[in-house]
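Asker: Before I ask anything, here is the structure I am working with.
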Amino acid sequence: MAAQDLRYIPFSWDELDKKPELCRSSVYEILGRYNQLGEELKLSAYERVLLNQAWLLGEPFKLSNVMGWLGKGRYVCGRAIKSLKEKEWVLPVQRDRRRVHYYIVHKEKVKQLKQN
């Protein structure tokens, strides 16, 4: 797990079943600690989770993937994708299309993030 730069966060079944929001906020807090590089990187918790999950997926992702990762609806997930697209963290797979259904992580930006 360490070689893949994965972090393990243990939760008991009872915690996940009875206090899911507390577990989710704990995960967001821990992810926030590992992703802070300074003032130039301003990503919301949703954007950080989206980037982490998309990077781990390793292939193009779509809105339904993001909805599963974040546990939120179309509007919130669409805004997160749009925000990351504007910040150039994610790129559309087919740039010449009017409607975009699949996105990929901008690998060069993530490599710079990992080097810092």
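The values are calculated or read from the model by the stated rules, or taken from the named source; none is laboratory data. None of these values were measured; they are calculated from a predicted model. For neighbour counting, all protein chains shown are included, and Cβ atoms are generated from backbone atoms with ideal geometry for every residue, glycine included. These accessible areas exclude ligands, DNA and RNA; they are computed on the full protein's heavy atoms, side chains included. Shrake-Rupley method; radii C 1.70, N 1.55, O 1.52, S 1.80 Å.
Asker: Within the range 18-43, how many residues are at pLDDT 75 or above, within 24 Å of residue 88 (Cα to Cα) and either small (Gly, Ala, Ser) or over 14 Å from the mean Cα position of the chain (by Cα) (or both)?
Answerer: Adding up the residues that qualify gives 0.
Asker: I need the full set of residues from the range 90-103 which are among the hydrophobic types (A, V, I, L, M, F, W, C) and either over 18 Å from residue 46 (Cβ atoms) or in a loop (DSSP other than H, G, I, E, B) (or both), in order please. If you could, list the steps in order and put the result at the bottom.
Answerer: First, the residues of the range 90-103 that are among the hydrophobic types (A, V, I, L, M, F, W, C): 90-91, 93, 100.
If the condition is that a residue be among the hydrophobic types (A, V, I, L, M, F, W, C) and either over 18 Å from residue 46 (Cβ atoms) or in a loop (DSSP other than H, G, I, E, B) (or both), then 91, 93, 100 are the ones that fit.
Asker: Given the criterion under 21 Å from residue 6 (Cβ atoms) and of a type in the set (Asp, Glu), identify the matching residue among 59, 108. Can you show your working first?
Answerer: Values: 108 fails: under 21 Å from residue 6 (Cβ atoms).
Result of the check over 59, 108: 59.
Asker: When the residues of the range 62-76 are filtered to those that are touching a residue at least 24 places away in the same chain (Cβ under 8 Å) and at negative phi, which remaining residue is least open to solvent (accessible area, probe 1.4 Å)?
Answerer: Step one: list which residues in the range 62-76 are touching a residue at least 24 places away in the same chain (Cβ under 8 Å), which gives 62-63, 70-72, 76.
Imposing the further condition that a residue be at negative phi reduces the set to 62-63, 70, 72, 76.
On the way: 62: 76, 63: 42, 70: 2, 72: 73, 76: 42 Å².
The qualifying residue least open to solvent (accessible area, probe 1.4 Å) is 70.
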